[in-house]
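No value in this document is a laboratory result; all are computed from the given coordinates. Only a predicted model underlies this, so the values are computations on that prediction, with no experimental measurement involved. All Cβ positions, even for glycine, are placed from backbone atoms using ideal geometry, and neighbour counts span all protein chains on display.
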Amino acid sequence: MASSYEPIVNANPELQSYYHSLESRIGFDLVLGGARHFGYWEKDTYWPFPLGRALRVMEDKLGDTLALPSGARLLDAGCGVGILAIHLARSRGHRVLGIDVVDYHLAIAQRNIARAGLPAAQVEVAKMDYHHLGTLDAGAFDGVYTLETLVHATDVPAVLQGFYRLLRPGGRVVFFEYDHDFVRDHEEVRDAAAKNEKQPRPRPKAFKDMLEEAGFADVMVQDYTDNIRPMTRLFFLIAYIPWLIVSLLGLERYFINTVAVIDGYRNHDRHQYLAIAATKPSNGEIVDVHLAASEVPIQYATPARFQQTNIFCSTCLKNQYLYTTALSQFLPEPDDPDYSQLEAAIPEFRERLEQRYPQCCARCEPKAKAQLEHVTYQARSDHIRRMLERSRKQRLGSRLGWRGLIISATGALYLMSLLVQLLWHTMGLATRDALSHTLAECIPGGKVPLGCSKLIEPYVGWSILLGLLCSWWNPQWQRKVQGQDGKLSGLGQYCQLQLVLLATRFTAWIWCVDFAPTHNLEILHTVFLVATLGLSLCAMLAVRFDPAAPLINWDYRAPDLVSGNQFAPRSLSNEPHFDILTLAQTTTPDLKPWQPPPMQPAETDEMDWQPSQNFDAPKPVRFRNTGSSPFYGALPALSGPATGHGAKQAIGIAPSHFDRKGPFPTKDNAGIAMADPKFFPRSSDTGLEDIFDQISE
Ligand SMILES: [Zn+2]
């Protein structure tokens with residue numbers, strides 16, 4: 001279509017500077033995401049968001065108004081950054097040539113087209129002026145449109161004539177234009193408006209007249225003024241304060257958009273947003289869409305070349321393939337009578353397969369182990385990242401939350417119950433003579449409380465009960481409330497000591513109150529005071545907090561993958577690496593539309609042919625996850641919550657004290673991907689000795 005001539009472009013520096021101005025770029029790029037047109041709302045709303053949806057609706061309206069079949073060739077006169085052209089190409093399969101005079105737009109449009117991932121040449125942009133379209137072939141387009149760009153035309157009739165020439169007979173022209181004709185209505189902004197308008201824009205009737213004068217027929221004009229009002233109102237609200245400042249400083253001529261927005265909204269009854277469509281009369285000529293001229297290139301999905309792992313040699317790859325294939329085809333259909341029997345036989349079958357086809361040889365083992373260690377390292381760092389994130393969230397969330405308060409209160413109550421008992425023992429060992437009857441008699445006079453222990457006794461019972469109720473508290477809870485990082489050790493010891501302490505306290509209470517011979521009471525109190533104090537101190541000292549200790553043991557050695565007497569393949573140092581991809585056809589298939597074979601005329605003497613064999617369709621590959629292998633997938637699949645016990649077990653982290661309460665993974669229920677792989681030595685030299693026995697069975 002484009003000839004060798006350089007198209008004439010009126011550089012129009014005023015237009016360039018208008019679109020390049022900071023004001024325009026803020027409005028278009030930040031608010032409208034690069035679009036340079038209004039959105040469409042079915043009905044007026046004070047909440048115009050999301051704007052993007054309304055913008056796309058407007059673009060679809062334009063596509064609907066064009067009413068051209070998929071693959072039509074379009075000219076986007078004033079394409080801006082190419083958003084509409086890309087949308088029409090993507091949603092309707094049109095081929096679009098976008099033209100613009102603003103270099104800044106074209107550069108971004110090129111980038112947007114590249115990012116859109118459309119077939120080559122479906123959307124192209126060129127620097128061209130719609131006043132000078134002589135370089136494009138006459139009749140080369142099925143449709144021409146402008147979206148709020150005709151306002152920049154200096155000679156609208158000439159532009160229309162150019163469009164007429166470019167269209168094939170029956171081609172469509174569509175303008176979506178905002179007719180905010182403030183030049184005539186508002187003298188005060190004439191200067192500002194004149195910067196991007198050389199002549200008054202046409203009124204609706206004037207549009208119709210001009211289109212018909214240019215030769216177009218079936219002119220349709222629709223008023224979308226009400227449908228864009230949510231956006232004009234939004235712009236009015238955004239621009240109002242800047243407009244006040246601009247007006248105060250008398251800078252209207254430098255802020256065209258701001259002034260136009262305020263003015264346009266205030267006088268919205270005088271301005272109209274119009275959708276104008278017209279057709280170039282066909283006059284009996286052929287009106288086919290230019291589909292045959294250049295077919296839209298169809299993009300076929302191409303198979304992604306999966307990354308070949310260089311870990312395993314050809315022998316191992318072959319064994320792994322045989323292993324998975326045999327395993328996946330082991331089970332029959334679920335309605336088979338032998339199904340449950342075979343299902344039960346899977347572990348034994350798998351074991352035999354592992355013996356027959358060792359999954360890793362001695363030469364591949366170091367690489368496989370390195371990969372395992374790498375993956376484990378990644379899983380552990382992922383785990384620690386999640387742990388830290390969780391603790392950070394908890395720190396923000398629960399320090400003053402009800403959980404934090406309950407934990408702190410429990411800790412305080414536990415300490416109180418311990419202090420009551422210690423006080424009782426201290427009083428008890430002082431003396432047991434002079435019995436007082438009330439606590440009030442003991443305390444005055446500054447004397448050592450004599451024999452008051454008897455009065456505290458009932459409270460001691462309650463305090464032991466309180467201690468029992470609060471015994472779930474431990475320093476770990478307090479640390480979690482405070483959200484400290486770092487590692488606590490010795491929690492298990494702490495809990496055991498607390499149990500012993502509670503038992504001791506209870507024994508002390510029973511003995512001192514009920515069973516003790518009265519003359520030994522002082523000794524008993526002394527013994528239990530020392531025991532209680534000692535146990536409490538031990539429990540406190542048992543817990544060590546190390547903020548610098550690593551939360552995870554990074555040192556991980558993968559287990560041996562090869563047993564000592566496993567068959568090792570001959571040295572293949574010179575053998576080229578087996579490329580599994582060569583098994584499949586890698587050349588791009590020649591994709592041609594399928595043509596049904598020509599129907600044979602029915603012959604009367606046709607043989608009544610019956611197949612002598614039953615050709616069943618090949619059995620679909622069935623795979624049941626019957627076990628785990630470290631070689632499928634990069635990361636082990638974590639079952640259950642990411643930081644649960646299973647997850648820690650899966651990446652080889654010893655469960656902490658509190659994790660032990662959960663279901664402990666045993667050999668049987670450790671259905672986690674990273675269970676220790678089992679490799680068995682080969683019982684024979686090649687593993688193929690039994691293959692014929694298998695077939696004859
Ligand atoms: Zn190998």
In sequence order, calculated HN-Hα J values of the range 90-95 (Karplus, 6.51, -1.76, 1.60; Hz; x Gly/Pro):
6, 8, 10, x, 6, 9
If packing is taken as the average count of other Cβ atoms within 10 Å, what order do 96-103, 158-165, 408-415 fall into, highest mean first?
96-103, 158-165, 408-415
If you add up the charges near D218, with Lys and Arg at +1 and Asp and Glu at -1, over every other residue whose beta carbon is less than 12 angstrom from its beta carbon, what do you get?
+2
Pairwise FRET efficiency - Y240 versus D218, Cβ, R0 = 45 Å, nearest 0.05:
0.60
In order over the range 318-325: 3J(HN,Hα) from phi, Karplus 6.51/-1.76/1.60, θ = phi - 60°, whole Hz, x for each Gly or Pro, gives 5, 4, 5, 5, 4, 4, 5, 5
